[in-house]
1. Tell me, please, whether a residue that is surrounded by fewer than 18 Cβ atoms within 10 Å (Cβ to Cβ), modelled with pLDDT under 85 and over 16 Å from the mean Cα position of the chain (by Cα) can be found in the range 199-218.
2. In the range 176-215, how many residues are closer than 17 Å to Ala231 by Cα and charged (D, E, K, R)?
3. Would you check which residues across the range 123-155 are among the β-branched types (Val, Ile, Thr), modelled with pLDDT of 55 or more and more than 30 Å from Ala179 (Cα to Cα) and list them?
Amino acid sequence: MTEVLEDSGIWLYAVARRENAGAAGELRGVAGEALRAVEAGELAAVVGDVPLETFGEEALHRNLEDLDWLGAVARAHDAVVGALAGAGPVVPVRLATVYRDEHGVRRVLEHRGHELARTLDRVAGRTEWGVKVFLEEPPPAGRAETPSRRGAGTAYLARRRAERDARADAERLAREQAAKVHSRLAALAAGARLHPLQSKALSGDDQQMVLNAAYLVGDDDARAFAEAVAACDDDSPAIRVQLTGPWPPYSFSSLEET
């Protein structure tokens, strides 16, 4: 067992098969640390030793509020997971999973080994694709001429009511079309997950999100899946469909879901 200093913890990146655990090569982890493997049977957890003064529970609560710090840590974490996924199936671990020692990591591998092995089999040869659907803004309501006897205030209220009704109709149609998109894409995938809708600030898009989904797609089917997404975008004028990926299968193989 590798000796771990008392003021450090073990950051867990992912679980893979033993033969793929070295795929991250010379990559450094979230604290600039060297990576290593904790093994149990045919499985290996890829980990790194991190200082608790920065990555302990209280410190993490504080540091996760710093978006620049969080972005840098997330990129380092994802780089390790991505390198492992490039070599074979992987069970990614959510950001900020820290164990006190190797015993805790090895216990997970030993107690949940069968589940982890089944998950690795399931995601083998498959990757995750994300699909976000946004509402396309309806055209502004036309300003019909109003009889002269109607005051400006009445005309304004009528116009606002027409705009509100048009917006509600557009949102309803967008949600209906987004549901059809999800059904169509889920039929082409080995798995599908619906995620919470993101705010405009979080999504980085000016339009309202009406679908946030992930799909587990066979690598041989990726092109056909992308073409189906493009067709959904063309066929649905009330929405805009955005494809992202491929990603490691976070939504389908995270340690929390096994």
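The values are calculated or read from the model by the stated rules, or taken from the named source; none is laboratory data. It should be emphasised that the depicted structure is a prediction, and the values quoted were computed from it without experimental measurement. Cβ: placed from backbone, ideal geometry, glycine included. Neighbour counts: every protein chain shown.
1. No, that holds for no residue.
2. Result for the range 176-215: 3.
3. Going residue by residue through the range 123-155, those that are among the β-branched types (Val, Ile, Thr) are 123, 127, 131, 133, 146, 154.
Pick out the ones that are also modelled with pLDDT of 55 or more and you get 123, 127, 131, 133, 154.
Matches in the range 123-155: Thr154 only.
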